[in-house]
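Q: Let me give you the structure first, and then I'll get to my questions.
The values are calculated or read from the model by the stated rules, or taken from the named source; none is laboratory data. Computed from a prediction, not measured in an experiment: that's the story for all the values here. Cβ sites come from the backbone with ideal geometry, for glycine too, and all protein chains shown count toward neighbours.
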Amino acid sequence: MTDYGHDLLFGSFITPANAAPHHVVALAQASEAAGLDLVTFQDHPYQPAFLDTWTLLSYVAARTERVHLAGNVLNLPLRQPAVLARAVASLDLLSGGRVELGLGAGGFWDPIVAMGGDRLTPGESLRALHEAIDVIRGIWDTEGSGRLVVDGRHHRVNGAKRGPAPAHGVAIWVGGLKPRMLRLIGEQADGWLPSLAYLTGPGQIDESNAVIDAAAASVGRDPRQVRRLLNVGGSTAGPQREWAERLATLALEHGISAFIATGDDADLVRAFGEEVAPATRDLVGAERNRRGTPTAPPGAGRAGAR
């Protein structure tokens, strides 16, 4: 039984299809209207049927007012980290602190190489992600001493000027399932962002949480500093109360505190935001009050949506 005490977040996971770009934007606006906290988009820069995710995030930021935005997750092998850091900080400043950073180490190597990226082994991609997070955080750290130097094997900066700083503490949420990636998340990241479809069940969530917790503790971090997010399949079929009960169990027993519904359906977005999210919050809040669950430390998971 694990509950890290984070505030609950709810979001949408929208396909950035370029066949109907304004429908994609409308779904993001519908997510905000339904009261969701997050709007996220997958990022496959080699996919010609998709809009460029970073351009889309920037456009949607200008067409919304409250909701937070993130890639789910951004393709690091095709996005240079120092430039990405400045792009994230710039959009966060322009949007009033509404950007979070989802990162992925890459996986579809043939199209990545076709677009000019390097083919990396699993170990190399893990090291590249570690270096990239150091670069990104270093660029954001405008109070750091001197210019930034990161002498990495895959990502390096040699005397880069720091800044700008984001408007708020941008969360770095990392997607991944293997033990070495989970250890990196525990040591460096603000959140773990897997998809339920790729997990074998709650048992794998618990096992993964244990790896993340041990890695966090090994470097002197409170494991509650790492938010646990989850992409969940969405459907308007069946009672919404049952969906809320399943999500409440994932929160109270397995530590998940952010639920992102996949699907490009306006009715799904409305039901998730207006019915499922409030019911889940009520169930989790009542049980936490009964248990006396301590809240996560300030800034844990760096979620600023609520």
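Q: Among GLY238, GLY304, GLY255, GLY220, which is the only one that is at pLDDT below 95 and at positive phi?
A: After applying the criteria, what remains is GLY238.
Q: Looking only at the stretch 136-157, decide whether some residue is closer than 20 Å to LEU182 by Cα and surrounded by 20 or more Cβ atoms within 10 Å (Cβ to Cβ).
A: Yes: one or more hits.
Q: Can you tell me which residue within the stretch 254-275, out of those that are out of contact with any strand residue (DSSP E or B) (no Cβ under 7 Å at 6 or more places or on another chain) and not hydrophobic (A, V, I, L, M, F, W, C), is surrounded by the most Cβ atoms within 10 Å (Cβ to Cβ)?
A: Checked the stretch 254-275; the qualifying residue surrounded by the most Cβ atoms within 10 Å (Cβ to Cβ) is GLY263.
Q: Please specify each residue of the stretch 149-180 satisfying the condition of being in contact (Cβ under 8 Å) with a residue 60 or more places away in the chain, out of contact with any Leu (no Cβ under 6 Å at 6 or more places or on another chain) and more than 17 Å from ALA258 (Cβ to Cβ).
A: Within the stretch 149-180, HIS155, GLY163, PRO164, ALA165, PRO166 qualify.
Q: Does ILE133 qualify as being modelled with pLDDT of 95 or more, surrounded by 15 or more Cβ atoms within 10 Å (Cβ to Cβ), closer than 23 Å to TRP192 by Cα and over 18 Å from the mean Cα position of the chain (by Cα)?
A: So ILE133 fails the test.
Q: Let me ask something additional. Does GLY117 count as at pLDDT below 95 and more than 15 Å from the chain's Cα centre (by Cα)?
A: no
Q: When the stretch 30-49 is examined, which residues are found to be farther than 17 Å from LEU76 by Cβ and over 19 Å from the mean Cα position of the chain (by Cα)?
A: ALA30, ALA33, ALA34, PRO48, ALA49
Q: Is it true that some residue in the stretch 282-301 is under 18 Å from ARG66 (Cβ atoms), within 21 Å of the chain's Cα centre (by Cα) and either hydroxyl-bearing (Ser, Thr, Tyr) or not in a helix (DSSP H, G or I) (or both)?
A: No: zero hits.
Q: Against the condition within 26 Å of ASN231 (Cβ to Cβ) and touching a residue at least 24 places away in the same chain (Cβ under 8 Å), how does ALA89 come out, does it pass?
A: yes
Q: State whether the residues of the stretch 224-233 include one that is farther than 16 Å from TRP192 by Cα and under 18 Å from the mean Cα position of the chain (by Cα).
A: Yes, the conditions are met somewhere in the stretch 224-233.
Q: So, in the stretch 1-31, exactly how many residues are of a type outside the set (A, V, I, L, M, F, W, C), crowded, with 22+ Cβ neighbours inside 10 Å and in a helix (DSSP H, G or I)?
A: Going through the stretch 1-31 one residue at a time, the tally reaches 1.
Q: Take the residues in the stretch 210-242 that are assigned to a helix (DSSP H, G or I) and touching a Phe, Trp or Tyr at 6+ places or on another chain (Cβ under 8 Å); name whichever of them is surrounded by the most Cβ atoms within 10 Å (Cβ to Cβ).
A: ILE212
Q: Could you check the stretch 17-53 and list, in sequence order, the residues that are among the hydroxyl-bearing types (Ser, Thr, Tyr), touching a Pro at 6+ places or on another chain (Cβ under 9 Å) and within 21 Å of ALA258 (Cβ to Cβ)?
A: We begin by selecting, within the stretch 17-53, every residue among the hydroxyl-bearing types (Ser, Thr, Tyr); these are 31, 40, 46, 53.
Subset that is touching a Pro at 6+ places or on another chain (Cβ under 9 Å): 46, 53.
THR53, the sole residue that qualifies.
Q: State which residue is nearest to VAL99 (Cα to Cα) when the search covers only the stretch 154-203 and only residues that are among the small types (Gly, Ala, Ser) and not in a loop (DSSP other than H, G, I, E, B).
A: Looking at the filtered set, the residue picked out is GLY191.
Q: Of everything in the stretch 68-104, what is farther than 13 Å from THR40 by Cβ, among the charged types (D, E, K, R) and buried (at least 24 other Cβ atoms within 10 Å of the Cβ)? Give them in sequence order.
A: ASP92
Q: Which of the residues belonging to the stretch 91-148 are β-branched (Val, Ile, Thr) and in a loop (DSSP other than H, G, I, E, B)? Step through it out loud before you land on a result.
A: At the first step, the residues of the stretch 91-148 found to be β-branched (Val, Ile, Thr) are 99, 112-113, 121, 133, 135-136, 139, 142.
Result: THR121, THR142.
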